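Taking it in order: structure first as structure tokens, then the write-up.
The values are calculated or read from the model by the stated rules, or taken from the named source; none is laboratory data. All values derive from a computational prediction rather than experimental measurement. Note: ideal-geometry Cβ built from the backbone for every residue, glycine included; neighbour counts use all protein chains shown. Surface accessibility is based on the protein's heavy atoms, side chains included, excluding ligands, DNA and RNA. Shrake-Rupley method; radii C 1.70, N 1.55, O 1.52, S 1.80 Å.
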Amino acid sequence: MNLSISRTPEEMGALAAEKVRELIDEAVSKRGEARMMVSTGQSQFEFFEALVKLDIPWDKVEIYHLDEYVGLPITHKASFRKYLRERFIDRVGSRRMHYISGEGDVEKTIAEISASIRERPIDIGVIGIGENGHIAFNDPPADFETTAAYHVVTLDPKCRAQQVGEGWFPSVEEVPKKAISATVHQLFSCHSVVSVVPHAVKAKAVRDTLEAPEVTNLVPATKLREHAAWFLYLDEESAALLKR
């Protein structure tokens, strides 16, 4: 693990964006292209704001969406497709983005994006950590055994409460109960993983991720401790509960 602790979310986002640029350049230099997965949410605001300002050959980068709510239209403010378009894709002009739609035939959507993502390895996974320790929408107890690329998951109460706390929904009752998510197996298979985890609300999840006695599906993000190229970016607030 490579750990960076910044004074502010803005400083943290800039450092993480620069690491992603470096990893993209490395992949493009080796093979002429890079493939990456990207997460969303309030915790990624500063990261995306910094990333879109960097000089990156986006025409050579193929991008995959991590997760999306089942049944939520793209017009809803909580749609991760909407988020990625407005905060990232439309600003860099990339035409190689693979979105997940939670509308329509979910099984067909999963089959299509799974086949596409498995065509070649993924170089970079930008993977956040949720307040309950989830990665993507793999809430505890996460499935560490499946070798699928994507699956449908049921969101736990803490995950749904996080979405309300971040302002995406007015109440827990309005948060969808199911989502399409990249699996832990798919996330772990990325050649490099960059995790951007700011703010005090993530402090307990960060502590549990790094200091749990063992890797456990009750804190899904602990799985990242076994990854050979994990780059974790924190700010002072999210790192506040760490013992060391």
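Quick check: the distance between the Cα centres of the range 161-222 and the range 60-133, to the nearest angstrom?
16
Starting from the Cα gyration tensor of the range 59-156, take the square roots of the eigenvalues, sort them a ≥ b ≥ c, and report rounded, prolate or oblate (rounded when a/c is under 1.5, otherwise prolate if a/b is larger than b/c, else oblate).
The shape class here is rounded.
Using the structure shown, select from LYS202/LYS243; LYS19/LYS243; LYS158/LYS202 the pairs with a Cα to Cα distance greater than 21 angstrom.
In this structure, LYS19/LYS243 lie more than 21 Å apart at Cα.
Counting only protein heavy atoms and a 1.4 Å probe, tell me what percentage of the chain's accessible area is made up of carbon and sulfur.
C and S fraction of accessible area: 50 percent.
I'm a student and want to see the number: the projected area of the Cα convex hull of the range 59-98, averaged over all directions, in nm².
Orientation-averaged projected area of the Cα hull: 2.8 nm².
Is any helix in the chain, taking whole DSSP H runs, at least 15 angstrom long along its axis by alpha carbon and on average at least 0.0 on the Kyte-Doolittle scale, and which ones?
Result, helices passing both filters: 106-117.
Based solely on its DSSP helices, what 222 nm [θ] is calculated for the chain when runs of n ≥ 4 H residues each add -39,500 (n - 2.57) and the sum is averaged over all residues, nearest 500 deg cm²/dmol?
Computed mean residue ellipticity for the chain: -8500 deg cm²/dmol.
Given Cβ point charges of +1 (Lys, Arg) and -1 (Asp, Glu) and nothing else, what value in debye, to the nearest 20, does the dipole of the chain about its Cα centre take?
Using Cβ point charges on Lys, Arg, Asp and Glu, the chain gives about 160 debye.
What list of whole percents do you get for P(r) of the range 184-244, with Cα-Cα distances grouped in 5 Å bins up to the one holding the largest distance?
Taking all Cα pairs of the range 184-244, the binned fractions are 4, 20, 27, 26, 18, 5, 0 percent.
Along the positive direction of the dipole of the range 1-72 (beta-carbon charges: Lys, Arg +1; Asp, Glu -1; about the Cα centre), which of GLY13, PHE47, SER29 reaches farthest?
So the residue we want is SER29.
Using the heavy atoms of the protein chains alone and a 1.4 angstrom probe, what is the accessible area of the range 5-79 per residue in square angstrom?
39
Mind checking Rg over Rh on the range 98-244, alpha carbons, Kirkwood formula for Rh?
0.96
Need one number: nm distance between label points at VAL152 and HIS76, each 7 Å from Cα along Cα→Cβ, rounded to one decimal.
Here the answer is 1.5 nm between the modelled labels.
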